[in-house]
RNA sequence: GCCGAUGUAGCUCAACCGGCAGAGCAACGCUCUUGUAAAGCGUAGGUUAUGGGUUCAAGUCCCAUCAUCGGCUCCA
């Protein structure tokens, strides 16, 4: 996600690490750590890097008498911020020096986290963030005032170069040491820092604006979905407006999939344990599954994915190479037991409907079919005007073989190379990220961001080299021999939940006409027009347009306001003139108006917009 | 799941150091009959998330549970 206030879009690209802003943020983190240690002399410091829009620093403040970890209070943050400004005023210079491992161990003899970092650096191969590195490790520190931190820099020259009115401590959060949930939890302070007060204000303003398009806020205001305590966390209820969004997306998927040669199937929500043992879900995925239901001595599980069911349909008939590719699509309903703290509005739920399909291909069909899926992504993204995304190529990591990943390194490397080659041939930009694959194969994910800046996988295109064999899936090749197909799992429209959560934010609730739950609101000027208004709304509905008449007791102005707040694309106002001329006064959501429009013309225009899924208002 | 914060009417929020739970909007009723973002008056609406505890007295203090939010971990 681009920095707010980043004005260098057209200029030569400078890596973040080399910018002044990076040095300011890094230095502010050091100043904060000094302030914290002054206020909490027994505190232990971990790491404190610059991040997008700011910085953080992790601390261990020890535990209370009962062993509960101590944390920062909001008042502590105020005190820390005040002390930071005093330190900045001192104009202390940042002094770099290289030290030997022995010197470093002595310097940080009371800092266990630093000692662990030094061990990583001294042995080599592990940098301060716990990442593997091939660089030869140099141990260095930066010192300003009384604070000397194990650090490779870079920093500003002296603390006076940190603008004292352009940073702010934002929040306290728990974070595991080295990002591993088996490690102790540290207390992290997040801060933001900028080159001047104006940039800081702009950033804080942008955060406020982002909150306004948060799908959780808009989802409630626009009556799209809700959660109910008695239903359960992560289990959304779709209100009528949400159900319309779902049905429009399904209709879009149906049309696109038919065009691309898919067939629809339907499968149950539950299956016996043996199915998920065979598929590998129980060995590799059980912690994300709802626990078993035990019925008459048989264990049943709710499905977390649709693939095993589709494999059974593939297996039910003899297959020839002439039949391939076979593409089974289903908006399947799946349940995944996400940990309670991982739930996030519609973006991360426990019940979901996936835009799922499984494509069974021979090896020589792989490239064309894989690209056909990528093409489909792009078709969808054009319809929605989605421009900000990255394609992420997720591969396995050797350490996870047999645990996170099926244990066949040869096929991992082979299929990863197939994907890499396909993507390179296509010319579509992508980034490769190790250790993010599915348990059964590598994948291309499309990463997007929520309004509040959180990154999500929206669409996915996954290779499965493992599970078809486990199901004994075969087709007869042209030589008359049996071969196991590869399977592509793909979900270009994500799940309804995540897609709609994303679209709410993407459009800030102002959906294009074809998606808008309510397309037209017809508003009478006085009570004498009520009957005509009701008839007009009915007439539009008969044409397949989602129109509602506002027959309440409000005045016309109030009715327009409430339609605006619900982001209804078209408001139609009816008074004496319109009744007389069989016309309407059109007001669009953007405030533009068109008076005396013949009803026929309006209906035709609207139907054209809807049918072409136009982005135009 | 972990660290921290929060939970008052359908929504947004008040309620001092523990002392009768309140407002705006929405809903409902009446009046007005209106030309492009809020007419006026009135009525109703609450076991203060849930369950315990302390106290003469608890929205307020304590404990537990549930949910949500900011992160971590994890992910479509």
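All of the numbers you see were taken from the coordinates with simple rules; none came from a lab. Everything numeric here is computed off the predicted structure, so don't read it as measured data. Note: ideal-geometry Cβ built from the backbone for every residue, glycine included; neighbour counts use all protein chains shown.
Some observations on this one:
- Contact order for chain A, expressed relative to its length and based on alpha carbon pairs under 8 Å spaced 6+ residues apart, stands at 10 percent.
- Treating each Cα of the stretch A:473-569 as an identical point scatterer and summing with the Debye formula, the log10 of I(q)/I(0) at q = 0.15, 0.22, 0.23 Å⁻¹ comes to -0.73, -1.09, -1.14.
- Part-to-part distance (alpha-carbon centres) for the stretch A:17-68 and the stretch A:194-257, which is given in Å: 33 Å
- Where a label projected 7 Å from the Cα of residue A:317 along Cα→Cβ would reach, residues of the stretch A:439-477 with amide N under 17 Å: A:473-477
- The fraction of all Cα pairs in the stretch A:370-522 landing in successive 10 Å bins from 0 to the largest distance is 10, 34, 30, 17, 7, 2, 0, given as whole percents.
- Here the stretch A:319-334 is scanned for amide nitrogen atoms under 14 Å from the site 7 Å beyond the Cα of residue A:482 along Cα-to-Cβ, giving A:319-320.
- Relative contact order, percent, the stretch A:244-506 [alpha-carbon distance under 8 Å, six or more residues apart]: 22 percent
- Relative to the current alpha-carbon distance between residue A:287 and residue A:432, full extension at 0.36 nm per residue lengthens the span by 49.5 nm.
- Nearest 10 degrees, 0 to 90: helix A:530-542 Cα axis against chain A principal axis: 80 degrees
- Alpha-carbon centroid distance for the pair the stretch A:573-611 / the stretch A:410-444, whole angstrom: 51 Å
- In the stretch A:139-234, the C-alpha radius of gyration followed by the widest Cα-Cα span (Dmax) gives 20.1, 58 angstrom.
- All Cα pairs of the stretch A:520-611, percent lying beyond 24 Å: 9 percent
- With contacts taken as Cα pairs under 8 Å and at least 6 residues apart, the stretch A:16-209 reaches a relative contact order of 26 percent.
- Helix A:366-384 and the longest principal axis of the Cα set of chain A meet at an angle near 80°.
- Each of residue A:299 and residue A:102 was given a label point 7 Å from its Cα along the Cα-to-Cβ line. The distance between the two points is 5.8 nm.
- Helix axis angle, A:556-565 relative to chain A longest principal axis, alpha carbon, degrees: 50 degrees
- Highest to lowest packing among A:170-178, A:17-25, scored as the average C-beta count within 10 Å: A:17-25, A:170-178
- Relative frequency of Cα-Cα separations exceeding 25 Å in the stretch A:16-209, percent: 34 percent
- Tail beyond 12 Å, pair distance distribution of the stretch A:388-427 (Cα, percent): 63 percent
- Over chain A, the ratio between the Cα radius of gyration and 2.2 N^0.38 Å evaluates to 1.15.
- Radius ratio Rg over Rh of the stretch A:244-506, counting only Cα atoms, Kirkwood formula for Rh: 0.94
- Förster radius 45 Å - calculated FRET efficiency between residue A:599 and residue A:205 (Cβ-Cβ, nearest 0.05): 0.55
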